[in-house]
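Student: Structure incoming, see below.
Throughout, read-outs are computed from the coordinates displayed, never taken from laboratory work. Computed from a prediction, not measured in an experiment: that's the story for all the values here. With ideal geometry, Cβ positions are generated from the backbone for all residues, glycine too; neighbour counts draw on all protein chains shown.
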Amino acid sequence: MHILLNGQFAGQRATGSGQYFENLCAALRRAAPDCRVEAARPPQRLGARLDKLWWEQVGWPLTVLQRDPDVCHVPYFSGPLLGRIDVVTIHDLIGFAIPEYSADPRWRAYLQLVARAVKRARLVIADSQAAADDIVHYLQIRREQVRVIHLGVHPAPKISRAETDVHLADLGIRRPYCIYLGSGDVRKNIAIAIMALAQIDAADRPQLVVAGSVPNAGTDLLPDHAALAGALGVDDWVVFTGPVSEARKHALYAGARMLLAPSRYEGFGLEPLEAMAHGVPVIAAACSATPEVTGGAALLLPPDDPGQWAEAIRVLGSDPIARAELIDAGAARAAELSWLHTAQQTLSVYRELA
């Protein structure tokens with residue numbers, strides 16, 4: 001079977017779509033060595049936005065026509081209005097579920113164009129049942145067209161305490177600390193973690209390490225979390241690392257007391273599983289896809305009650321039995337989800353069409 005994937009996000013591992021593309025391609029080649037797995041990358045000629053639109057609506061369908069694969073797969077929310085469209089993966093529908101994310105009329109027009117296009121897909125893959133429900137609700141795609149395939153997580157690399165300490169010292173992080181990893185937009189709900197921190201007595205308070213691209217812009221979509229920490233008197237307890245390398249990310253996981261995942265909306269969310277693979281207990285928001293993804297292995301809390309988050313942080317910091325139970329449950333959950341399994345299920349979707 002000849003499989004052709006749209007390589008728009010090839011090499012962009014800092015993005016969720018880029019991670020999905022790279023991990024899926026590698027796992028497909030392991031799962032089906034007898035298949036020809038090929039990725040078509042867009043040319044760079046018009047500038048980022050025009051390049052992307054031209055590729056999706058002209059370059060990609062022409063490439064599919066020329067190469068004539070058994071199955072073509074767009075592994076992110078996109079598709080051509082004309083031409084062949086077999087499989088599309090939709091990771092989330094933030095722009096539909098949270099209208100503030102599509103306030104820009106140009107972005108809103110693009111989303112409507114893509115929504116029309118993906119309705120033409122023969123099958124749609126969703127990362128979670130929660131994402132599948134959104135696809136049916138917002139895009140009016142028939143449920144029988146949608147296949148739910150969870151993402152995978154890699155086994156955690158072995159990192160020594162000494163190696164971890166080098167990264168912590170470089171960033172000014174002291175143990176114990178909680179980690180948040182991700183972007184800084186408002187749906188990620190970092191504010192609840194900072195407010196919870198402020199409710200913990202200084203003697204029991206861990207640091208909060210906010211790792212990832214968190215610009216603190218002070219806009220509706222990009223709140224100024226640094227200003228909030230200052231206003232609550234915990235600015236000395238919050239470390240904003242900025243974007244981190246893969247090696248540093250794993251070191252930060254390895255040294256963390258717990259992961260905080262307070263996001264209000266996720267199509268999937270890999271960070272809780274990555275933390276679980278490192279033996280780090282997880283406190284997460286009980287909403288969107290997170291309960292499904294964590295599979296009973298995280299402590300789930302309302303996304304808007306800092307008092308409950310503060311108490312959970314205190315308990316996990318002081319109760320070794322509660323901590324050990326979450327660590328064991330998390331390790332088991334992470335072991336259930338692999339990229340090889342994701343690839344095998346994706347191949348089953350391809351075989352429905354080939």
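Student: When Met258, Met1 are ordered from fewest to most other Cβ atoms inside 10 Å of their Cβ, what list results?
Tutor: Numbers: Met258 24, Met1 15.
Fewest-to-most Cβ neighbours within 10 Å comes out as Met1, Met258.
Student: So what's the gap between the Cα centers of the range 159-190 and the range 207-257, to the nearest angstrom?
Tutor: 8
Student: Between Tyr180, Ile98, His278, whose Cα lies farthest towards the positive end of the dipole of the chain when Lys and Arg beta carbons carry +1 and Asp and Glu beta carbons carry -1, centred on the Cα centre?
Tutor: Of the candidates, Ile98 comes out farthest on the positive side.
Student: By the scheme Lys and Arg +1, Asp and Glu -1, what is the net charge of all other residues having a beta-carbon under 9 Å from that of Glu352?
Tutor: On the way: positive: Arg122, Arg147, Arg351; negative: none.
After counting each charged neighbour, the total is +3.
Student: Continuing with the same structure: If one computes the Cα centroid of the range 304-318 and of the range 266-286, what distance in Å separates the two points?
Tutor: 16
Student: How much length, in nm to one decimal, is gained on full extension between Asp165 and Asp201, taken as 0.36 nm per residue of separation minus their Cα-Cα distance? Numbers along the way, then the final one.
Tutor: Details: separation 36, 0.36 × 36 = 12.96 nm, distance 2.54 nm.
Length gained, Asp165 through Asp201: 10.4 nm.
Student: Additional query: Of the options Ala193, Ala169, His250, report the single residue whose Cα projects farthest towards the positive end of the charge dipole of the range 161-336 (beta-carbon charges: Lys, Arg +1; Asp, Glu -1).
Tutor: Ala169
Student: Neighbour counts of other C-beta atoms within 10 Å: give me Trp309, Trp339, Trp54, Trp107 arranged from fewest to most. Mind showing how you got there, number by number?
Tutor: Numbers: Trp309 27, Trp339 22, Trp54 16, Trp107 12.
Ranked by crowding around the Cβ, least crowded first: Trp107, Trp54, Trp339, Trp309.
Student: List the lysines whose Cα sits under 24 Å from the Cα of Lys188, skipping any in the same chain fewer than 8 residues away.
Tutor: Lys249
Student: Further question on the same structure: So, counting K/R as plus one and D/E as minus one, what does the shell of residues with Cβ under 11 Å around Arg29 add up to?
Tutor: Values: positive: Arg30, Arg36; negative: Asp34, Glu38.
Result for the local shell: 0.
Student: With +1 assigned to the C-beta of every Lys and Arg and -1 to the C-beta of every Asp and Glu, and no other charges, what is the dipole magnitude of the range 241-354 about the Cα centre in debye, to the nearest 20?
Tutor: On the way: 8 positive and 13 negative charges, 57 e Å.
Here the range 241-354 has a charge dipole of around 280 debye.
Student: Moving on to the next point. Could you pull out every one of the aspartates and glutamates with an alpha carbon less than 18 Å from that of Lys52, ignoring same-chain neighbours closer than 8 positions?
Tutor: Asp104
Student: Follow-up question, since we're still on this one. Considering only Ile327, Ala226, Pro303, whose Cα is most displaced toward the positive end of the charge dipole of the range 161-336, charges sitting on Cβ of Lys, Arg (+1) and Asp, Glu (-1)?
Tutor: Going by the charge dipole, the pick is Ile327.
Student: Let me ask something additional. How large is the dipole of the chain about the Cα centre if only Lys and Arg carry +1 and Asp and Glu carry -1, each at its Cβ, rounded to the nearest 20 debye?
Tutor: Details: 34 positive and 38 negative charges, 234 e Å.
That gives the chain a dipole magnitude of about 1120 debye.
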